[in-house]
Amino acid sequence: MSKILVTGADLAPQALELLRGHEVVFAGKAPTEEGIVALCAEHNPVAIIVRYSKVGAAAMDAAPALRVVSKHGSGTDTIDKLAAKERDIEVVAAAGANAAAVAEQALALMLACAKSVVSLDARMHGGHWDKATHKSLELNGRTVGLVGLGAIGLRFARMADALGMRVIGFDPFAKDLPDYVEKVEMPDIWRESDVISLHCPLTEGNRQMVNAQTLSETRRGVILVNTARGGLIDEDALLAAVRSGQVMSAGLDSFAVEPMVAGHPFQGEKGFVLSPHIGGVTSDAYVNMGVAAARNALAVLAKQRAPA
């Protein structure tokens, strides 16, 4: 029986049912890249379903039977796609499977920033009543700029439109956009947005796209939301921008290095609302991503087995 390696400790029962014709091997709750290489060498899987950690050339070389690397989610930046292409290994992703969950997290972070939810909660629990001194930001009529107009970005756009916000977006690949999304270029995102929300994959071309220069081009007091990839942001530049007031607040669900370790400069800093990369972690998304990842892997394997 051929084997499928899951770089995590579990998979939705519905996904496991789809994979019943294969032996499924789990890498554990916190797999390392080296550990994945070792498991590939031990089990020689035909497919890897990627939940955590990275899958690079060494893992691929350790598993000569490997034919497909399937992401349990939409972002494939943890997979060495060039190495996979060189070895005739397909890389597939569960695009859209967690779109609702991540878009809702982006909305929650935007609202938490605009309405000072976290700081007011802490003040209330401390016995304070700040009604006479506090003013929140009203989002109705404000402009939100979206970087990335895929399944997640467009779902978030629909919610922002429902709040009465003007929605502008940049995505060189987006077509047939709804009439409430105005397609613009990146300079317009920096210049015109009251809120900027990132919904794009991480590439070498956009790494640290949010940096000291681009942050200086935004409106003073902008809100930044990131539920995509931490590598999109120069974290030192963002910290300086929040401290100076150029960025009013940042709602972040992803970070340059994960998991975040104790002593990270964002911790305890005013102006940051943080969550541990759980935007796509809901019970529904868990099932959707697992099923999609399993189906994608099986589709590639079936295609490669089919006679020419």
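Considering every pair of different Cα atoms, what Kirkwood radius, in Å, is found for the range 175-215?
It works out to 12.0 Å.
Charges only on Cβ, +1 for Lys and Arg, -1 for Asp and Glu: so what's the dipole of the range 99-274 about the Cα centre, in debye to the nearest 20?
460
Tell me, rounded to the nearest percent, the portion of alpha carbon pairs in the range 200-308 spaced more than 22 Å apart.
Distances greater than 22 Å cover 45 percent of the Cα pairs.
So for the range 99-274, averaging the separation of alpha carbon pairs under 8 Å that are six or more residues apart and normalising by length, what relative contact order in percent results?
21
Listed here are the pairs Lys29/Lys71; Lys71/Lys303; Lys3/Lys303; Lys115/Lys270; Lys54/Lys303; which of them are more than 20 Å apart at the Cα?
Table pairs above 20 Å Cα-Cα are Lys54/Lys303.
Diagonalise the Cα gyration tensor of the range 8-107 and give the resulting equivalent ellipsoid semi-axes, square root of 5 times each eigenvalue, largest first, whole Å.
Computed over the range 8-107, the values are 23, 16, 13 Å.
So, counting K/R as plus one and D/E as minus one, what does the shell of residues with Cβ under 13 Å around Ala292 add up to?
Net charge around Ala292: +2.
As an exercise, find the ratio Rg/Rh for the range 116-199 from alpha-carbon atoms, using the Kirkwood inverse-distance average for Rh.
In the range 116-199, Rg relative to Rh is 1.13.
Go ahead and run the numbers for FRET between Ser136 and Glu185, Cβ-Cβ distance against an R0 of 41 Å, rounding to 0.05.
So, using R0 = 41 Å, E works out to roughly 0.85.
What's the angle, to the nearest 10 degrees (0 to 90), between helix 33-43's Cα axis and the longest principal axis of the chain?
That works out to roughly 20 degrees.
For the chain, max minus min Cα coordinate along each principal axis, in Å, sorted largest first?
Largest first, the chain extends 69, 45, 34 Å along its Cα principal axes.
Return a whole-number percent for the relative contact order of the chain, with Cα pairs under 8 Å and 6 or more residues apart as the contact set.
Reported as a whole number, the value is 19 percent.
Suppose the chain between Asp236 and Asp88 were pulled fully straight at 0.36 nm per residue; how much longer would it get relative to their current alpha carbon spacing?
Contour length minus Cα-Cα distance gives 49.4 nm.
Helix-only mean residue ellipticity at 222 nm, the chain, DSSP H runs n ≥ 4 weighted -39,500 (n - 2.57), per residue, nearest 500. What is it?
-10500 deg cm²/dmol
Spin-label point model (7 Å from Cα, Cβ direction): what's the Glu23 to Ile278 distance in nm?
With each label point 7 Å from Cα toward Cβ, the separation is 3.6 nm.
Determine one quarter of the surface area of the Cα convex hull of the range 99-274, which equals its mean projected area, and express it in nm² to one decimal.
Taking the Cα atoms of the range 99-274, their convex hull projects to 10.5 nm² on average.
What lysines could a cross-link reach from Lys175, if we take a straight Cα to Cα line under 24 Å and drop same-chain neighbours fewer than 8 places away?
Within the straight-line limit of under 24 Å, Lys175 reaches these lysines: Lys183.
Going toward the positive end of the dipole of the range 99-274, with +1 on Lys and Arg Cβ and -1 on Asp and Glu Cβ, which of Leu120, Val195, Gly164 do you reach last?
With unit charges placed on the Cβ atoms, the residue in question is Leu120.
Identify all aspartates and glutamates with a Cα-Cα distance to Lys81 below 17 Å; exclude those on the same chain that are fewer than 8 residues away in sequence.
The qualifying aspartates and glutamates are Glu33, Asp61, Glu90, Glu204.
What does the extension gain come out to for Met1 and Gln213, with contour length at 0.36 nm per residue minus their alpha carbon separation?
70.9 nm
Which of rounded, prolate or oblate describes the range 70-168 when judged by the alpha-carbon gyration tensor and an a/c cut-off of 1.5?
prolate
Give the calculated FRET efficiency between Asp121 and Lys270 to the nearest 0.05, with a Förster radius of 22 Å applied to their Cβ-Cβ distance.
0.95
Determine which aspartates and glutamates satisfy two conditions relative to Lys135: a Cα distance under 17 Å, and not lying fewer than 8 residues away in the same chain.
Asp121, Asp194
For the Cα atoms of the chain, what angle does the longest principal axis make with the long axis of helix 235-244, in degrees from 0 to 90, nearest 10?
Value to nearest ten degrees: 10.
Where Lys and Arg each count +1 and Asp and Glu each count -1, what net charge lies around Leu154 among other residues with Cβ under 14 Å from its Cβ?
Local charge sum for Leu154: -2.
Any idea which of His72, Val25, Ala84 is furthest toward the positive side of the dipole for the range 16-91, if Lys and Arg beta-carbons carry +1 and Asp and Glu beta-carbons -1?
Comparing the listed Cα positions along the dipole, His72 ranks first.
How many nm is it between the label spots at Ala57 and Ala299, if each spot is 7 Å from the Cα in line with the beta carbon?
So the label points at Ala57 and Ala299 sit 3.0 nm apart.
Which Cα, out of Thr282, Ala38, Ala293, lies furthest along the positive dipole direction of the chain (beta carbon charges, K/R +1, D/E -1)?
Checking the options against the dipole of the chain, the answer is Thr282.
Bear in mind these aren't lab numbers, they're just calculated from the coordinates by the rules spelled out. Here the structure is a predicted model, which means the values were calculated and not measured. With ideal geometry, Cβ positions are generated from the backbone for all residues, glycine too; neighbour counts draw on all protein chains shown.
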